[in-house]
Amino acid sequence: MHCIEFGPYICSLTGQSCASGWKLFSNKCYYYNDSDGVNFNTAVTSCTNIGAALTKITSEEENNFVTDLAKENGLRQEEDFWIGLSRDKNDDGNFGPWKWSDGSEFQDTDYKKWNEGEPQGNEGCAKIRGSAKWLGFQCEKLIRGFVCEKDVSKIPPPATIPKSTATKQSATPAVEAITEATSASVAASSTSAVGSISSQTTKNDTSAYTVALCVFAVIAIVLWSIAAFLFIQRRRRLQKKSTLKE
């Protein structure tokens, strides 16, 4: 998220984000589900249950991205994961056209990366190997995992409202009422705060004056005591000398 306005304006937030565990690529969020073994239909259902679909690949960059995502989560070079490409059997037992999990038909001109000799005639689902090549496979068989995708969660930018240039003529009555109420509240709070500070300052000054008087009194008592002690000692010495002379 980025702030695109600051200073006299309310900061606006824009950006894109994916939920925890998902990874962002080209306006979509991707999630690799690793398992001990899963068939195609289970993979489809699992993605649907989390508001996503088995991934639809439309470019070399996306193909490499999902392959790398699977590898980052433990897929080995010789292992496979499901993508959202499959074909159903017709009533005559033959396969119909390939379709993506979103229902769109796979066209000959679409991006593809079939391994040599793929797909074969008895295979109705597609998977990707760790080499990033596509292979046809029997849908009911189990493979390592699958990749789900969904649209990225977008954060709509809020309205950018100048704080210092808005006028009463352009504001609605409701906005004016809120503004006036807010101003009154701020003013009251400010007055209360100033009064509290002044009162506290007065109390602090009084306390400081009292402490100073106490300190001076203690010092005076100590000095008086010392002077009295010295006077008594001197008087005793004089008396002693007088006695010796006699």
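General remarks:
- Flag set for Phe65, criterion: under 15 Å from Cys148 (Cβ atoms), in contact (Cβ under 8 Å) with a residue 12 or more places away in the chain and in contact with a strand residue (DSSP E or B) (Cβ under 6 Å, 6 or more places away or on another chain).
- Any hit, segment 93-103, residues being surrounded by 11 or more Cβ atoms within 10 Å (Cβ to Cβ), basic (Lys, Arg) and more than 27 Å from the chain's Cα centre (by Cα): yes
- When Asp36 is tested against (1) outside any helix (DSSP H, G or I); (2) within 19 Å of Asp151 (Cα to Cα), only condition (2) is not met.
- Extreme residue, surrounded by the most Cβ atoms within 10 Å (Cβ to Cβ), among residues of segment 12-33 that are under 15 Å from Lys150 (Cβ atoms) and among the polar types (S, T, N, Q): Asn33
- Candidate set from segment 47-81 (those that are outside any helix (DSSP H, G or I) and among the acidic types (Asp, Glu)); member that is farthest from the chain's Cα centre (by Cα): Glu78
The numbers here are math on the coordinates, done by the rules we state, and not lab data. Small disclaimer: the values here were computed from a predicted structure and weren't measured. Neighbour counts run over all protein chains shown; Cβ positions are idealised from the backbone, glycine included.
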